[in-house]
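Scroll down for the structure; my scribbles are underneath it.
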Amino acid sequence: SAATRRTKITVLAPPGKLGIILANKADSKGTVVSGVRTSSVLAEKISPGDRIVAIDGEDVSRMTVSEITTIMSRKADYDRTLTVL
């Protein structure tokens, strides 16, 4: 049904810590959001269960948490565009 179709959304993440908790997908490659702190700048935009598929247009859909964390911290001084499903 259309309701279960995953929609890609793009979220602008400001510089600094984002307050989201990431986890490796249990059943396949990739990284999902396992938690969002109430203080997170992305609290209204990202939900637990969202899958991170791209950062600044770079495909990260098959990357592990540690790989994604490395990219995010490398870009921590800048705005980052996250694409989530």
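The values are calculated or read from the model by the stated rules, or taken from the named source; none is laboratory data. What you are looking at is a predicted structure, and each value in this text was computed from that prediction instead of being measured. Here Cβ is always computed from backbone atoms with ideal geometry, including for glycine, and neighbour counts include all displayed protein chains. Surface accessibility is based on the protein's heavy atoms, side chains included, excluding ligands, DNA and RNA. Shrake-Rupley method; radii C 1.70, N 1.55, O 1.52, S 1.80 Å.
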Q. Within 15 Å of LYS8 (Cβ to Cβ), over 10 Å from the mean Cα position of the chain (by Cα) and surrounded by fewer than 16 Cβ atoms within 10 Å (Cβ to Cβ), is that true of ASP77?
A. no
Q.
Just to be sure I understand, how many residues within the range 37-56 are out of contact with any helix residue (DSSP H, G or I) (no Cβ under 9 Å at 6 or more places or on another chain) and either open to solvent by less than 70 Å² (accessible area, probe 1.4 Å) or free of Cβ contacts under 8 Å to residues at least 12 places away in the same chain (or both)?
A. 12
(Q) Condition first: in contact with a strand residue (DSSP E or B) (Cβ under 9 Å, 6 or more places away or on another chain), open to solvent by less than 90 Å² (accessible area, probe 1.4 Å) and over 14 Å from THR69 (Cβ atoms). Now tell me which residues in the range 6-29 satisfy that. (A) ILE9, VAL11, PRO14, PRO15, LYS25
Q) Given (1) within 14 Å of LEU85 (Cα to Cα); (2) open to solvent by 40 Å² or more (accessible area, probe 1.4 Å), where does VAL60 come up short, assuming only one miss? A) (2)
Q. In this structure, is ILE68 surrounded by 12 or more Cβ atoms within 10 Å (Cβ to Cβ), assigned to a strand (DSSP E or B), at pLDDT 95 or above and under 10 Å from the mean Cα position of the chain (by Cα)?
A. no
